[in-house]
1. Which members of the stretch 147-169 meet the condition of being in contact with a Phe, Trp or Tyr (Cβ under 7 Å, 6 or more places away or on another chain) and not small (Gly, Ala, Ser)?
2. Yes or no: residue 434 open to solvent by 60 Å² or more (accessible area, probe 1.4 Å), touching a residue at least 24 places away in the same chain (Cβ under 8 Å) and within 15 Å of the ligand (Cβ to nearest atom)?
3. Return a yes/no flag: does the stretch 297-317 have any residue that is touching a Lys or Arg at 6+ places or on another chain (Cβ under 9 Å), surrounded by 21 or more Cβ atoms within 10 Å (Cβ to Cβ) and among the β-branched types (Val, Ile, Thr).
4. Looking at 94, 88, 12, 69, can you tell me which residue is modelled with pLDDT under 95 and not small (Gly, Ala, Ser)?
5. Could you tell me which residue of the stretch 175-194 is farthest from the ligand (Cβ to nearest atom), considering only residues that are more than 17 Å from the chain's Cα centre (by Cα) and part of a helix (DSSP H, G or I)?
6. Could you tell me whether residue 162 is closer than 25 Å to residue 44 by Cβ and either outside any helix (DSSP H, G or I) or away from the ligand (no atom under 12 Å from the Cβ) (or both)?
7. Please identify the pairs in which a residue from the stretch 275-296 that is open to solvent by 70 Å² or more (accessible area, probe 1.4 Å) has its Cβ atom under 6 Å from the Cβ atom of a residue that is not in a helix (DSSP H, G or I), counting only partners at least 6 apart or on another chain.
8. Select from the stretch 401-445 the residues that are under 23 Å from residue 166 (Cβ atoms) and part of a loop (DSSP other than H, G, I, E, B) and list them in ascending order.
Amino acid sequence: MPALLTTPRPQHLHLPGDADFDAARAAWNVAVDQRPAAVAVPADSAQVADVVRDAVRAGLRVAPQSTGHNAGPLAAHGLDDTVLLRTHLLDSVHVDPVARIARVGGGVVWQPVVEAAAQHGLAALHGSSPDVGVAGYSLGGGIGWYARSLGMAAHSLTAAEVVTADGSVVRTDAHHEPELFWALRGGGGGFGVVTSLEFRLYPVETAFAGFMLWDAVHAEALLRAWSDWAPAAPDEVTTSFRVLRLPPMPELPPFLRGRHVVVIDGAVLADDESARRILAPLRAVAPEVDTFGRVPAAALTRLHMDPEGPTPGVSDAAILDALPAAAIDAFLSRTVAGTTSPLLAAELRQLGGALGRPDASAALSRLDGQFLAFGVAIAATPQMATAGHAAAADLVGALRATTGHRPYLNFAEDPVDASTAFDATSARRLAQVRAAIDSTGVFVANHRF
Ligand SMILES: Cc1cc2nc3c(=O)[nH]c(=O)nc-3n(C[C@H](O)[C@H](O)[C@H](O)COP(=O)(O)OP(=O)(O)OC[C@H]3O[C@@H](n4cnc5c(N)ncnc54)[C@H](O)[C@@H]3O)c2cc1C
């Protein structure tokens, strides 16, 4: 890569053999071993443009990455000819409380955005994890606790700054480069390096949110009750149903340590009385713990207790049209009390509501399906990764066999044909946008068409 080794060598470039190369290439998901030709950590758009131009001159490709939460499919294709461009130094956060817009750098994670917005009584459409990157999450769709009422994060994107394959810095919104803007709204990261994003904030200061917990012996009754209730529930509520096998970790509170439990968590954007009415059918199944109540909106980033900081994980996931009786049987036979499984969580997220309504101004117009199924295991060793991956694939494969299904690219941690996540017209249009803006295929995204 001669052109990358310009003199003086840019400080933001890390090459194999450098003492800090392993740290520079490490992804959030530490079970993924990504081995790029080089790692660049630029601090502003101008440096990003330099990296892109230098990489092209050296005959290399460029893979933007903010955190590496979805490093699996990126690394799976091999990165020998690719500069991994880490965006975490693009970390500015600015909230305009009057316009109700946030403007953030292309490497920002959700927690600081949520905190900055909350100071003005505003909320962003973050997901269940505080340290997922705003960029990857929003470019891939983005579903969180407000999803059934306020939709996907991608649909709230109002503008982006992008460094394109020729090193230009382009601002795109509904009026400038509208095709690129359409593609960024759910079409993924294959169009350039997003150096900043602007998106709508919502006047949500509090939510009626929390979790209910039962022993896993009640899994069957609970899954039947939740899966009957979820598709017809009002748009104000978004929940998740999980069977968790919690390790006996001292960090966990005693009522969770080493237990096999069912947890339903979520949020309702409604007044207390309406929220209680909406949740009544679930609360009637007598939870052992019920924390649902009015909480500050900013507390929702930790409601799901997602792992923070580098974590080794393997998973499988699919959007399901429905949960027919055969799907419920398949889920229960792999998760109820008495069964063994390496899965930390077998999860079903409630879709529908605003997520199901089409928005033609976004590449990912809607999420077509009632549930999002997800199985995840901790992969601290290669053996754990193999067993956990097999169990996740077995769970989600069994559910797929019972109903119509498609991938949700944010939750797809193995390579998939990305076009299958879109309707045929949108998939063709995405390919055209990519061909127009990056005709030589400089950019490498986690998911490829
Ligand atoms: C613990 C956990 C919790 C999660 N919770 C949710 C959730 O509640 N809802 C949900 O929808 N998803 C969720 N996800 C999935 C998450 O949205 C995806 O993994 C997403 O890709 C992460 O984005 P990232 O930027 O952090 O990851 P990265 O791996 O850094 O990025 C993924 C891809 O996004 C693109 N990309 C990232 N940054 C840029 C950039 N600056 N410019 C151009 N392209 C870029 C690239 O193609 C990159 O390969 C979760 C994942 C985990 C591991």
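1. 150, 157, 158, 162 - these are the residues of the stretch 147-169 that are in contact with a Phe, Trp or Tyr (Cβ under 7 Å, 6 or more places away or on another chain) and not small (Gly, Ala, Ser).
2. For residue 434, the condition - open to solvent by 60 Å² or more (accessible area, probe 1.4 Å), touching a residue at least 24 places away in the same chain (Cβ under 8 Å) and within 15 Å of the ligand (Cβ to nearest atom) - is not met.
3. No, the stretch 297-317 contains no residue that is touching a Lys or Arg at 6+ places or on another chain (Cβ under 9 Å), surrounded by 21 or more Cβ atoms within 10 Å (Cβ to Cβ) and among the β-branched types (Val, Ile, Thr).
4. Within the list 94, 88, 12, 69, the selection yields 12.
5. 178
6. yes
7. 288/213; 288/214; 294/206; 294/208; 296/206
8. 438, 439, 440, 441, 442, 444, 445
The values are calculated or read from the model by the stated rules, or taken from the named source; none is laboratory data. Please read these numbers as outputs of a predicted model, since none were measured by experiment. Here the Cβ is made from the backbone with ideal geometry for all residues, glycine too, and neighbour counts use every protein chain on show. Side chains are part of the model used for accessible areas, which takes the heavy atoms of the whole protein and leaves out ligands, DNA and RNA. Shrake-Rupley method; radii C 1.70, N 1.55, O 1.52, S 1.80 Å.
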